[in-house]
Amino acid sequence: MDRCVVLVDAGYLLGAAASLLAGEPARSRITVDHAALIQGLRQRAEADTERPLLRIYWFDGAPDRVPQPEHRRLRVMPRVTVRLGALTRSDGRWAQKGVDAAMHAELTELARNRACSDIVLVTGDGDLLPGLMSAKEHGVAVHLWAVQAADGDYNQSEDLVAEADERRVLDRTWITRAVRAKELGGPCAPPPAPRPEIAAILSAPLPESAAAAAAAGPESAEHTHERSGANGVARPPAGTESAAAAGGEPGATGSKVVPTPKDLAGLGRAHAAGQGPAGPGAAQPGAAAGATLRWSSDKGWVERGGPVGEPEATAGLPTLAQLTSAEQRWADREEDITAVSGDPFEVGQVFARRWTDRLSDTAHLTQLSTEYPRIPHRIDGELLRYAARFGLLAHKDDQIDEHDRYAIRAGFWREVDLRTAAEHAPATD
């Protein structure tokens, strides 16, 4: 039949695109507009083969062959069929199993049944050579597409290239219509507006334990800084100085170390007792006294080092699951599949929008806003689990990296800030 079919090895296409745009084949380094990518493949295939499209087959791997959010979005698109192989871990790395076999079976079956006159293969794997040769023997024209290699060389099997009837290269210009690299070296998203309580924490003098760690050398200072991120103190993305997060000039703090939660606990007690050191770098009287450290726990925020008897302000905040009805859960899932791109910043915004929209008591929103930048443990865990559904865990070591976590939480707080501002905006006639 005078129609064309496109078989896409997603691992090859997106991995090669990541190498071209981001310098390494990790798919986590790129953001993909799947709708634009599918449309581009269809238009290019129909133009190259001069045949109408029958179908695009998208071959990819998934843990336990369970469709990921990107697969669910793809399989509801017109003329797209998703075929999944297994995604397994070996020596800490992800590897696809069964994808090549599935592509080979589909290729030979289409040719044997004369379902099309032209087949476009977007792959580089030489294992498909027998299937390609079989398709040619059945009278099908085989078009082989490559993604432009970052080093200007081939990123396909030479035998596969030699056997193809036609060969095309998807260059950088074509790829960037639907794929872009994530900028990991700089801020991943516009940060929320500076808050005075964060400035108070970061401008406060360090206790003796942290000062000693800073004096011990760069290695010790780096360890202290890492512990601060692991225990709940919000940090700006890599390359951003703590002074910038506090609203000051970048580089103003020089070699200052961001205090750990343990340091801040001691700092809060020292100021409460009136023992805080004074000096050129000391915070203004009363500024750090309100910089109370809070740890997250399953029971809500636990106050440490603050005034005795201070209430747990956010312990009663409801989770999104508690606020969501069965009908809303179904609608949310449909929106996730069809409208949410999976960008970490956007994911945080979507989660916060749903949470704030469904609050029956707006006082909860005010309570949460005052806790910036720390999100209550139950809500934060729910937020990260929601983000994991968008493939942010795929092809990684089962965790969301620091840059993406910052973007997710930054998106969450940006949306909360917008909703808080709207709640307090004066009414107009």
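Every number here is computed from the coordinates shown, using simple stated rules; none is lab data. Please read these numbers as outputs of a predicted model, since none were measured by experiment. Backbone-built Cβ (ideal geometry, glycine too); neighbour counts: all protein chains shown.
Overview of values
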| quantity | calculated |
| --- | --- |
| Amide H within-cut-off set for Ile30, under 5 Å, with H built and near neighbours excluded | Lys182 |
| Compactness index (Cα Rg / 2.2 N^0.38 Å), segment 1-72 | 1.23 |
| Radius of gyration and Dmax over the Cα atoms of segment 4-181, both given in Å | 15.2, 45 |
| Label-point separation, Ala35 to Ala321 (7 Å along Cα→Cβ), nm | 3.1 |
| Estimated FRET transfer efficiency (Lys97, Ala363; beta-carbon r; R0 35 Å; 0.05) | 0.10 |
| Likely footprinting exposure, Glu402, Glu183, fewest C-beta neighbours within 10 Å first | Glu183, Glu402 |
| Linear extension gain, Asp159 paired with Arg172, 0.36 nm per residue minus alpha-carbon span | 2.3 nm |
| Rough spin-label spacing in nm, given labels placed 7 Å along Cα→Cβ, for Arg353 and Ala331 | 1.3 |
